[in-house]
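Each remark here refers to the structure printed beneath this line.
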Amino acid sequence: MISGVQGTLEVRGSASVTINIGTISLTIFAPTSTISVLGNIGEWVKLYTYLYFKEENLSLYGFATSIERDMFELLISVGGVGPKIALSLLSAMAPDRIANAIASGAIEQLTQVSGLGKKMAGRLVLELKGKLERRWGVVATPISEEMTAV
């Protein structure tokens, strides 16, 4: 497992960054929230990472915080939720907002994220609500209108 990467930021794209770690440059997919907080090209950066391997696909995903990485891992543990949907969620909402939406059963809030339909949002709530309560101590709180704006 590659749990983190430190190096020089070479390229910043809309969905990924390239980091030089010496003699190797790695392309790392990341949510827009992470990409936006990285330094300038040429600066030293650090990302918490998750190595995704499925069939013939080997991809590295990077996050500004370990909490974002943990949420990513939790989201992709749900059947049918792949890295693309997990990154979309993390690009649209902070991990605590995702956790609160799932714990509160706020399917409408989750479906505002591009690529996430009502059925998948329901599956996230069904499969993750208990895990969030046990693992993160998240309990359902009422969703205010301010929180539903994505």
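The values are calculated or read from the model by the stated rules, or taken from the named source; none is laboratory data. Just so it is clear, the structure is predicted and the values come from calculations on it, not from any experiment. Cβ placement follows ideal geometry from the backbone for every residue including glycine, while neighbour counts extend to all protein chains displayed. All accessible areas refer to the heavy atoms of the entire protein, side chains included, with ligands and DNA or RNA removed. Shrake-Rupley method; radii C 1.70, N 1.55, O 1.52, S 1.80 Å.
Residue 11 passes all but one of (1) assigned to a strand (DSSP E or B); (2) open to solvent by 40 Å² or more (accessible area, probe 1.4 Å); (3) closer than 17 Å to residue 69 by Cα; (4) of a type in the set (A, V, I, L, M, F, W, C); which number fails?
That leaves (3) as the condition not met.
Under 6 Å between Cβ atoms, at least 6 apart or on separate chains: pull out the pairs that start in region 3-32 with a residue that is under 22 Å from residue 85 (Cα atoms) and without any contact (Cβ under 8 Å) to a residue 12 or more places away in the chain and end on any residue that is part of a strand (DSSP E or B) and among the β-branched types (Val, Ile, Thr).
Within 6 Å, the pairs are 18/11; 18/27.
Name every residue in region 95-116 that is closer than 22 Å to residue 52 by Cβ and either open to solvent by 40 Å² or more (accessible area, probe 1.4 Å) or not in a helix (DSSP H, G or I) (or both), in order of residue number.
Passing the criteria: 113, 114, 115, 116.
For region 80-94, name all the residues that are open to solvent by 40 Å² or more (accessible area, probe 1.4 Å) and outside any helix (DSSP H, G or I).
80, 94, listed by residue number.
I'm checking my understanding of the structure. Among residues of region 100-122 that are touching a residue at least 12 places away in the same chain (Cβ under 8 Å) and hydroxyl-bearing (Ser, Thr, Tyr), which one is nearest to residue 86 (Cα to Cα)?
114
Spot the failing condition for residue 75; the list is (1) modelled with pLDDT under 90; (2) open to solvent by less than 20 Å² (accessible area, probe 1.4 Å); (3) not aromatic (Phe, Trp, Tyr), and only one is missed.
(1)
With the condition being surrounded by fewer than 17 Cβ atoms within 10 Å (Cβ to Cβ) and at pLDDT below 95, I'd like the strands (runs of 3 or more DSSP E) fully within region 16-66 carrying at least 2 qualifying residues.
Passing ranges, in order: 44-54, 57-63.
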